[in-house]
Amino acid sequence: MGFTEDIVKLSEQVRKRFDQVVGEEATKMALIVPFLSALGYDVYDPSEVMPEYVADFAIKKAGQFEKVDYALAINNNIVMLVEAKARGQKSEAHDGQLSRYFNGLLTTKVAIVTNGVEYRFFTDLRDKNVMDKEPFFTFNILEYDTKDIENLKFFHRDNFEVTAITNHAEEMVYVKGMTQLLGNLLRSPSEEFVRFLVAELGTIAPSYEIQGRITGKVIDKFKPIVKKSIQGSLVELMTRSLSQEITQTVELEVEQEIEEEEKQQESQESKIVTTAEEIEAFEKIKAITQTSKSYNFDLQYKDTASYFGINLGKSTWWFLRLYLSSQKKSFITRLSIDELKSLASNFEVQEVTTSLGDAASKVIISSVSDFDRLTSLILRCYEVEAVKHQALTSNVINMEKSA
């Protein structure tokens with residue numbers, strides 16, 4: 001499975017275990033350790049994930065040395081520190097010992113405070129080697145979007161690079177600050193903002209240029225005009241965004257109409273005969289998907305005049321389309337061409353598009369027996385579509401509950 005799929009699976013586990021987890025130790029074992037594992041760290045290797053870590057500069061208090069809950073190391077260099085809170089506690093406040101460890105370990109550039117659900121990431125943007133008081137990124141395992149996943153990838157063991165994380169953290173902080181600033185200006189335009197717009201109005205449309213100084217009286221006159229203009233711009237942007245969503249919905253409806261037409265055509269055309277070769281291919285692919293440790297969908301096929309599709313129970317949820325009637329046999333996947341090349345390195349691959357213009361990729365094969373050499377690719381295609389289907393089903397259930 002890929003990183004996104006790992007997080008989806010972990011989110012489901014956390015949701016199931018949530019009410020049963022009580023106390024800090026249970027939070028560590030049931031929620032935090034699996035999260036560190038999803039980030040690519042070997043939780044069973046004490047040289048990589050060090051629980052109850054004590055540094056040589058640790059301060060002794062009440063007869064015990066200060067320690068952090070976890071220290072994560074890459075190539076023997078500690079790169080991240082984790083402070084755990086019990087599930088249900090706020091992950092906002094962190095003890096002084098975490099910042100002392102962060103400041104003392106020069107190779108450490110990331111500190112995390114978590115209650116097993118919310119993960120708050122800190123670094124040293126304000127002063128070098130001094131842990132910031134505010135996090136630059138917060139990830140909630142039960143509430144996240146695609147952008148959050150992309151941000152989280154920076155902390156995966158395979159991607160961890162200090163310079164990249166620092167640059168990304170700076171960008172996130174600046175974007176957040178700019179967004180708040182723009183939000184405030186749009187809700188209540190300041191005098192300086194109105195003055196700037198009035199001055200710019202003359203540069204783009206000389207006939208609108210304000211004669212003389214831009215006085216307080218002019219500012220008062222233009223404030224309601226600026227507010228109305230902002231509202232108009234926002235409505236236009238929202239309308240444009242809604243139009244794009246409608247277009248996507250229409251495309252889905254078109255695909256469904258095409259499928260319905262295909263069904264009617266199939267019932268009328270007796271020429272479409274499912275061959276023994278297609279059944280053999282389906283059984284091979286079905287056997288491969290049954291080796292998946294994460295998903296167990298009942299595969300179905302759809303035989304048309306042009307292709308033999310394999311799906312997760314609905315024709316739009318297809319993950320392979322086979323073309324076995326011609327001398328040059330092939331099949332189409334929904335993977336990118338780059339991923340396909342890595343999974344089918346010994347086969348000819350091509351970048352193609354579906355009937356609706358979606359990006360897809362094709363593999364040229366010589367016979368059905370080639371599927372035995374492409375088990376990793378077939379399993380990847382199956383699990384990618386399974387993740388989408390599962391996420392869609394989950395969203396529908398949540399919407400029905402909220403309704």
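The values are calculated or read from the model by the stated rules, or taken from the named source; none is laboratory data. As the structure is a prediction and not an experimental result, all values here were calculated from the model. Heads up, the Cβs are rebuilt from the backbone with ideal geometry, glycines too, and the neighbour counts pull from every protein chain shown. To get the accessible areas, we keep the full protein, side chains included, count just its heavy atoms, and leave off ligands, DNA and RNA. Shrake-Rupley method; radii C 1.70, N 1.55, O 1.52, S 1.80 Å.
Looking across the range 361-393, the residues that are of a type in the set (S, T, Y), touching a residue at least 12 places away in the same chain (Cβ under 8 Å) and out of contact with any helix residue (DSSP H, G or I) (no Cβ under 6 Å at 6 or more places or on another chain) come down to S366, S367. Looking across T166, T179, one residue alone is part of a helix (DSSP H, G or I), surrounded by 14 or more Cβ atoms within 10 Å (Cβ to Cβ) and hydroxyl-bearing (S, T, Y). It is T166.
When residues in the range 300-337 are screened for being surrounded by fewer than 19 Cβ atoms within 10 Å (Cβ to Cβ) and under 13 Å from I378 (Cβ atoms), 1 of them pass.
Might you let me know whether the range 88-96 holds any residue that is assigned to a helix (DSSP H, G or I), at pLDDT below 90 and not basic (K, R)? For the range 88-96, residues assigned to a helix (DSSP H, G or I), at pLDDT below 90 and not basic (K, R): present. Being of a type in the set (A, V, I, L, M), over 27 Å from the mean Cα position of the chain (by Cα) and either more than 24 Å from F160 (Cβ to Cβ) or in a helix (DSSP H, G or I) (or both) is the requirement here; does L106 meet it? For L106, the condition - of a type in the set (A, V, I, L, M), over 27 Å from the mean Cα position of the chain (by Cα) and either more than 24 Å from F160 (Cβ to Cβ) or in a helix (DSSP H, G or I) (or both) - is not met. Within the range 214-237, residues that are farther than 14 Å from S188 by Cβ have Cβ atoms under 7 Å from residues that are of a type in the set (G, A, S) and part of a helix (DSSP H, G or I) in these pairs: I214/A199, counting only partners at least 6 apart in sequence or on another chain.
Every residue, every condition in (1) within 30 Å of H389 (Cα to Cα); (2) touching a Pro at 6+ places or on another chain (Cβ under 8 Å), yes or no:
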residue: L10; (1), (2): yes, yes
residue: F35; (1), (2): yes, no
residue: Y41; (1), (2): yes, no
residue: F65; (1), (2): no, no
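Rundown of residues vs (1) at pLDDT 60 or above; (2) part of a helix (DSSP H, G or I); (3) within 15 Å of L197 (Cα to Cα), yes/no style:
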site	(1), (2), (3)
R213	yes, no, yes
I219	yes, yes, yes
P224	yes, yes, yes
L234	yes, yes, no
Q244	yes, yes, no
T247	no, yes, no
E255	no, yes, no
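Within the range 121-150, the set of residues being within 21 Å of Q13 (Cβ to Cβ) and not in a loop (DSSP other than H, G, I, E, B) comprises T138, F139, N140, E143, T146, D148, I149.
Of the residues making up the range 288-299, those that are within 19 Å of D372 (Cα to Cα) and either surrounded by 14 or more Cβ atoms within 10 Å (Cβ to Cβ) or in contact with a Ser or Thr (Cβ under 8 Å, 6 or more places away or on another chain) (or both) are I288, T289, T291, S292, L299. Looking at the structure I just gave you, is E83 part of a loop (DSSP other than H, G, I, E, B) and closer than 15 Å to D132 by Cβ? In short, no.
Of all residues in the range 179-198, those that are touching a residue at least 24 places away in the same chain (Cβ under 8 Å) have Cβ atoms under 9 Å from Cβ atoms of residues that are part of a loop (DSSP other than H, G, I, E, B) and open to solvent by less than 90 Å² (accessible area, probe 1.4 Å), 6 or more apart or on another chain, in V194/I214; R195/I214; L197/P189; V198/I210; V198/I214. Within the range 342-361, how many residues turn out to be charged (D, E, K, R) and modelled with pLDDT of 90 or more? Residues that pass the stated criteria total 1. You will find that of A58, A26, the residue that is open to solvent by less than 50 Å² (accessible area, probe 1.4 Å), among the aliphatic types (A, V, I, L, M), assigned to a loop (DSSP other than H, G, I, E, B) and farther than 26 Å from G2 by Cα is A58 and no other.
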